[in-house]
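Every read-out reported here was derived from the displayed coordinates using simple, explicitly stated rules and does not represent laboratory data. All of these numbers come straight from a predicted model, not from anything done at the bench. Virtual Cβ from ideal backbone geometry, glycine too; neighbours counted across all protein chains shown.
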Amino acid sequence: MRTKFTHRFLTLALLLAACSSAGQVKSDAEQPDSEREMAAVSDEPGLIQSLVSENQDIQAYNSERNRLVIKDASIDLLVKEADPVIFQINQIVADYGGYIVGSDTWIEREHKFATMRLGIPAAAFEKSLNDLRSLGAQVLKETASGQDVTAEYVDLGSKLINLEATAARVRQFLERANTVDEALQVNQKLSELEGQIEEVKGKMRFYEGRAAFSTVTINLIPEIPNPVPEIAPGWNPGTTLNRAISVLADLGKVLLDVGIWLLVVGGPVGLIAVAMTWVAKRWLRRRPTSSL
């Protein structure tokens, strides 16, 4: 690590020295000061590295006492109705100082299903799981996991210290820049370092937030009664007799309907036909026969 720091500062020092000689020629009185500054730069990384080592030791000691563990859990819960349980889950989350990450509800076969993602403080992770389990009739499935990110967090902390120490030294070069070109080049390097610092801080905040609040996903599955299958009845003489009587009654109704139609419609037609036949016979009897 010390070699890395020395290489960085010597490279930057040589760059500034080259820019200074190209921009203007310094006086003999100024030259010794510049050389002394470069010598100081070469010695500076050793001091910075000692501070970095001390900070790393402190972080390692603290990480053993306060480890960063990201905890996640998932529960499939069988419930009678989803709506009352959703209300109770919101109450539990509020009591523990957590928050709702997201929720989704839908209807299947007239029953409501729900999925909720909860952010629970890590200190109340196990206790909140017990409370959530008690809300349902049965826990159908449960999974839990923990990811120790202490080492990654410590590495990021060490990287942050190195970047901030380098950035602090580059700011000193920026203050001693003699030309605009020198200032621009040093400022560009400083901007790159500050961007890396913010990126590292962002990752550290992510780990801190995920370790401080565990994620619990709970799936609410309503109880759906199974339909009772209909049993086919066996042979029953009484049922057969009832069906035969019903068919006979229907047949009698049909015959009665036919008789009514014949009486109402066929009666007058039959009378007319009989009358016409009688008239025709009478006419034929009265008709004289021709003589041979």
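Evaluate the charge dipole of region 69-148 about its Cα centre and quote only its size in Debye, nearest 20, assuming +1 on the Cβ of each Lys and Arg and -1 on the Cβ of each Asp and Glu.
60 debye
Please work out the Kirkwood hydrodynamic radius for region 69-148, using every pair of different C-alpha atoms, and report it in angstroms with one decimal place.
13.3 Å
Once amide H atoms are placed 1.01 Å from N in the peptide plane, what residues at a sequence separation of 5 or more from Leu68, or on another chain, have their amide H within under 5 Å of its amide H?
Val149, Thr150
Can you list the residues, at least 5 places off or on another chain, whose amide H is less than 5 Å from the amide H of Val101, using H built in the peptide plane?
Arg117, Leu118, Gly119
Would you mind counting up the charge near Ser214? Only other residues with Cβ under 12 Å from its Cβ, with Lys and Arg at +1 and Asp and Glu at -1.
That works out to +2.
State the Cα centre-to-centre distance between region 103-181 and region 204-222 in whole Å.
Computed from Cα coordinates, the inter-centre distance equals 7 Å.
Taking only C-alpha pairs under 8 Å that are 6+ residues apart, what is the relative contact order of region 69-148 in percent? Numbers along the way, then the final one.
Values: 110 pairs, mean separation 40.9, N = 80.
Value for region 69-148: 51 percent.
So, by mean Cβ neighbours within 10 angstrom, what's the order for 109-115, 262-268 with the highest one leading? Present the calculation step by step, with values, prior to reporting the outcome.
Working: 109-115: 13.6, 262-268: 10.6.
Per-residue mean Cβ counts within 10 Å order the peptides as 109-115, 262-268.
Tell me which lysines have Cα within less than 16 Å of Lys80's Cα, excluding those fewer than 8 residues away on the same chain?
Lys112
Order 146-156, 210-220 from most to least packed using the mean count of other Cβ atoms within 10 Å.
210-220, 146-156
Do me a favour and compute the ellipsoid semi-axes for region 122-187 from its Cα gyration tensor, root of five times each eigenvalue, largest one first, whole Å.
After diagonalising the Cα gyration tensor, the semi-axes are 55, 12, 10 Å.
When Lys and Arg each count +1 and Asp and Glu each count -1, what net charge do the other residues less than 15 Å away from Ile224, Cβ to Cβ, add up to?
Once positives and negatives cancel, what remains is -2.
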